[in-house]
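Scroll down for the structure; my scribbles are underneath it.
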Amino acid sequence: MKKIWIIGAGPGDPDLITVKGLKLLQQADVVMYTDSLVSETLVAEARADAEVIRTAGMHLQEMVDCIVERVNAGKMVVRLHTGDPAMYGATMEQVALLKNHNIGYDVVPGVSSVFAAAAAVGAELTVPDLTQTLILTRAEGRTPVPEREKLQALASHHCTIAMFLSATLTKKITKELQAAGWSDDTPVAVIQRASWPDQKIVRTTIAELDEAMRTNGIRKHAMILAGWALDPNIHEKDYRSKLYDATFTHGFRKGVKVDD
């Protein structure tokens, strides 16, 4: 079956594409990318004779028609997606239409903006004895979320929450987290354009989130990380993994008794 390659371009820094993704990009006859989200420096890695197509101004059918025409002409087509295609990548709607033309696809994962954001603030999102769960979601705006996935319901678990596509919904975020019992001083880190040269980091709290976003002029391209794992003083507290505990036995090391 004829196919295209869907490649995660990473969060912005052109070096954060996978080796496999870069090799395929450099081999492609046609490179399609969202020019508002993918680094031009990365796209410049394409062959000099490759056809480069910007898709920010295209609707779905236009993109699919463009792909079908080139694949049927025997060309290798790469579709670069920001971050990782599995997270809010809108890939399935493209794939569904391509299947009608007997065109398949392979996916190459990429570094998601959530992990670039965590790296930017030096955060471990799963801290032993504090939280072992990370929820990836978004606040409900013009596009609804399933009833069981309302932010307040998810927040009832009191774990780390990463919110995509939610920078304009900070009042709603604060209200729903507070309704779930989160304290006003719960730490929040907002990372705008994580890994890009103009990356901006704002540390705040649940109660101050909306004002901090307004003051810093952040209303798009931002990841919101919330929970006590984002405490800027977390390293001074006594949360330690069992993995490196001298008394803890696992498959590669026998624990030893430590005298008091």
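Can you give the extra length, in nm with one decimal, that the chain gains between N72 and K99 once fully stretched, where that is 0.36 nm per residue apart less the Cα-Cα distance?
Length gained, N72 through K99: 8.4 nm.
Could you compute the FRET efficiency for K2 and T143, with r as their C-beta to C-beta distance and R0 at 35 Å, rounded to 0.05?
Efficiency for this residue pair is about 0.65.
Subtracting the Cα-Cα distance from 0.36 nm times the residue separation, let me have the gained length for T168 to M92 in nm, one decimal.
24.8 nm
Can you give the three extents of the C-alpha atoms in segment 154-212 along their principal axes, from longest to shortest, in whole Å?
Per principal axis, max minus min of the Cα coordinates gives 37, 21, 18 Å.
Where does segment 1-158 land on Rg(C-alpha)/(2.2 N^0.38 Å)?
Working it through for segment 1-158, the quotient is 1.18.
5 Å is the cut-off here: which amide hydrogens, built 1.01 Å from N in the peptide plane, fall below it relative to I4, excluding neighbours closer than 5 in sequence?
G104, Y105, D106
Run the reach check for K237 against aspartates and glutamates, Cα to Cα strictly under 14 Å, same-chain hits fewer than 8 apart removed. What comes back?
Leaving aside aspartates and glutamates fewer than 8 places away in the same chain, those within reach of K237 are E124, D129.
Any aspartates and glutamates with Cα under 14 Å of the K150 Cα? List them, leaving off those in the same chain fewer than 8 positions away.
E140, E176
Roughly speaking, what is the centre-to-centre gap between segment 187-210 and segment 30-105 when only Cα atoms are used, to the nearest Å?
Segment 187-210 and segment 30-105 have Cα centres separated by 30 Å.
Label segment 113-236 by shape, choosing from rounded, prolate and oblate, from the square roots a ≥ b ≥ c of the eigenvalues of the Cα gyration tensor; if a/c is under 1.5 it is rounded, and otherwise prolate applies when a/b is larger than b/c, oblate when it is not.
Judged from the Cα gyration tensor, segment 113-236 comes out rounded (a/c under 1.5).
Label D15 and I201 with points 7 Å out from Cα along Cα→Cβ: what is the distance between them in nm?
Distance between the two pseudo-spin positions: 1.7 nm.
Let me spell out the model: positive unit charges on the Cβ of Lys and Arg, negative unit charges on the Cβ of Asp and Glu, origin at the Cα centre of the chain. What dipole size does that give, in debye rounded to 20?
So the dipole magnitude of the chain works out to roughly 520 debye.
Where in the chain are the DSSP H helices whose alpha-carbon span along the long axis reaches 15 Å or more and whose Kyte-Doolittle mean is at least 0.0?
Helices passing the filter in the chain: 60-72.
Taking segment 124-175, which trypsin sites (Lys or Arg not before Pro) meet the DSSP loop condition and have no more than 10 other C-beta atoms within 10 Å?
Loop-located and lightly packed - R142.
Mind checking which of T186, A118, G104 is farthest towards the positive end of segment 72-187's charge dipole, using Cβ charges of +1 (Lys, Arg) and -1 (Asp, Glu) about the Cα centre?
G104
A short reminder: the numbers here are calculations on the coordinates, not readings from a lab. Bear in mind the structure is a predicted one, so any value in this text is a computation, not a measurement. Here Cβ is always computed from backbone atoms with ideal geometry, including for glycine, and neighbour counts include all displayed protein chains.
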